[in-house]
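Engineer: Once you've had a glance at the structure underneath, I'll fire off some questions.
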Amino acid sequence: MNDPKKTKHLGKCCKSNGTVLVLYDGSPLENYSVILCAKHASVAPFNENILKITNLVKTK
């Protein structure tokens with residue numbers, strides 16, 4: 001039986017407030033997550049190999 005991959009949190013992309021938490025496929029051993037601002041969330045290489053995106057900003 002395969003063990004589930006571990007997830008490592010790498011921090012933020014820049015000094016601005018992050019708006020999304022992005023989980024990336026870090027095959028073969030470890031997935032990783034990064035908090036991204038709106039600007040970086042839509043540009044390469046940040047928009048590649050994404051497994052899951054969680055919005056950190058609450059909407060009304």
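Okay, residues lined up against (1) assigned to a loop (DSSP other than H, G, I, E, B); (2) at pLDDT 85 or above; (3) of a type in the set (Val, Ile, Thr):
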residue: Asn2; (1), (2), (3): yes, no, no
residue: Leu10; (1), (2), (3): no, yes, no
residue: Ser33; (1), (2), (3): no, yes, no
residue: Phe46; (1), (2), (3): yes, yes, no
residue: Thr54; (1), (2), (3): no, yes, yes
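Engineer: Now, a different point. Quick one: which residue in Ser42, Ser27, Ser16 is open to solvent by 70 Å² or more (accessible area, probe 1.4 Å), of a type in the set (S, T, N, Q) and at pLDDT below 85?
Structural biologist: The conditions single out Ser27.
The values are calculated or read from the model by the stated rules, or taken from the named source; none is laboratory data. Fair warning: this is a prediction, and the values are worked out from it, not measured in the lab. Just so you know, the surface numbers come from the protein's heavy atoms only, side chains and all, with ligands and any DNA or RNA stripped out. Shrake-Rupley method; radii C 1.70, N 1.55, O 1.52, S 1.80 Å.
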